[in-house]
Amino acid sequence: MRVVVHGRGAGSRRAGLRGLRGLLWVTAELAVTVGVVVLLLVVHQVWWTNRLAAASAQRQVAALERGWAEERRGGGPGAGDGAGGLGESASASAPAPAPASASPPSPSPSVSGSSPGSSPSGSGSGGSTGSSAYGVLRIPRLGVVVPIAQGVDKRAVLDKGYAGHYPGTARPGAEGNFALAGHRNTHGEPFRYINRLRPGDELVVEVQGRTFTYVVRKTLAETSERDVGVIAPVPRSAVRPEYGFGEPGAYITLTTCTPEYSSTYRLVVWGTLVRAATG
């Protein structure tokens with residue numbers, strides 16, 4: 001006699017479907033959780049670090065300006081003598097750069113930035129550094145007001161929203177190339193829009209009661225992260241030698257990464273000194 005059992009196959013299928021639905025539900029919850037965590041990290045990196053660094057940088061600018069004003073009222077070191085370059089009175093605030101032969105360090109990913117070797121970039125690590133700001137860079141066309149500190153170390157200088165002064169390059173107002181790096185994205189991103197600068201735009205550097213006004217002359221939209229020629233005493237791209245200058249002068253160079261949210265290439269803006277004043 002044969003016994004027939006009905007319904008077992010259907011029950012197994014229903015159990016299998018319930019298990020599959022449970023697995024899909026758990027997977028979906030994990031995906032949502034991971035997505036929220038990633039979103040929070042992006043918000044922190046792109047928005048929160050900007051707020052913190054920008055606010056800190058502006059406090060540093062205000063502190064510098066207060067100190068200089070007090071020195072002027074008291075006839076202290078900031079009183080100055082009207083010389084075009086930095087004299088001994090400024091030496092305490094503007095650390096002496098390394099010898100001109102020193103390779104400029106590279107700023108690293110996220111300056112934008114870049115890290116490897118000795119390359120001009122928008123963020124980075126390496127090189128002698130003094131994380132205390134000694135000057136202020138103003139870019140009127142962009143509404144940028146940012147502290148300047150010696151060195152291009154990522155954590156000590158650039159992540160604070162400062163412009164970093166490449167070791168081995170000239171002092172503000174002096175003959176040679178006063179070269180600066182800055183973040184293009186995140187951490188205050190002071191150099192985010194320097195691609196909008198045009199010939200004739202002013203770049204104003206203030207150091208302890210002295211003001212040096214440079215005027216933008218040329219822009220190099222894209223070059224290698226290792227193109228150290230752009231911050232040489234007479235700046236000229238080693239990768240694209242048709243860009244740059246051929247004669248000694250008092251130059252300023254701004255470097256950052258390009259394209260945005262990338263550290264693949266470097267964007268460079270060059271200017272020349274047109275005016276130096278005291279007070």
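No value in this document is a laboratory result; all are computed from the given coordinates. Note that the structure is a prediction, hence the values are computed from the model and not measured. We place every Cβ from the backbone using ideal geometry, glycine too, and count neighbours over all the protein chains shown.
Going by what's in this entry, would R266 be described as on the phi < 0 side of the Ramachandran plot, of a type in the set (K, R), in a strand (DSSP E or B) and in contact with a Phe, Trp or Tyr (Cβ under 7 Å, 6 or more places away or on another chain)? If you could, list the steps in order and put the result at the bottom.
Values: on the phi < 0 side of the Ramachandran plot: yes; of a type in the set (K, R): yes; in a strand (DSSP E or B): yes; in contact with a Phe, Trp or Tyr (Cβ under 7 Å, 6 or more places away or on another chain): no.
So R266 does not fit the description; no.
Looking at region 259-279, which of its residues are among the hydroxyl-bearing types (S, T, Y) and crowded, with 24+ Cβ neighbours inside 10 Å?
Start the filter on region 259-279 by keeping residues that are among the hydroxyl-bearing types (S, T, Y), which leaves 261-265, 272, 278.
Within region 259-279, just S263 meets the criteria.
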* Asked: So how many residues does region 207-236 have that are crowded, with 21+ Cβ neighbours inside 10 Å, of a type outside the set (F, W, Y) and assigned to a strand (DSSP E or B)?
  -> 5
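Quick check on my filter: what residues within region 165-206 are acidic (D, E) and in a strand (DSSP E or B)?
Of all residues in region 165-206, those acidic (D, E) come to 175, 189, 201-202, 206.
Result: E202, E206.
Output yes when any residue across region 180-201 is more than 21 Å from the chain's Cα centre (by Cα) and either surrounded by fewer than 17 Cβ atoms within 10 Å (Cβ to Cβ) or under 28 Å from S132 (Cβ atoms) (or both), and no when none is. It would help to see each step written out before you state the result.
Quick first cut of region 180-201, residues more than 21 Å from the chain's Cα centre (by Cα) only: 199-200.
Filter again for either surrounded by fewer than 17 Cβ atoms within 10 Å (Cβ to Cβ) or under 28 Å from S132 (Cβ atoms) (or both), leaving 199-200.
So far as region 180-201 goes, yes, one or more of its residues are more than 21 Å from the chain's Cα centre (by Cα) and either surrounded by fewer than 17 Cβ atoms within 10 Å (Cβ to Cβ) or under 28 Å from S132 (Cβ atoms) (or both).
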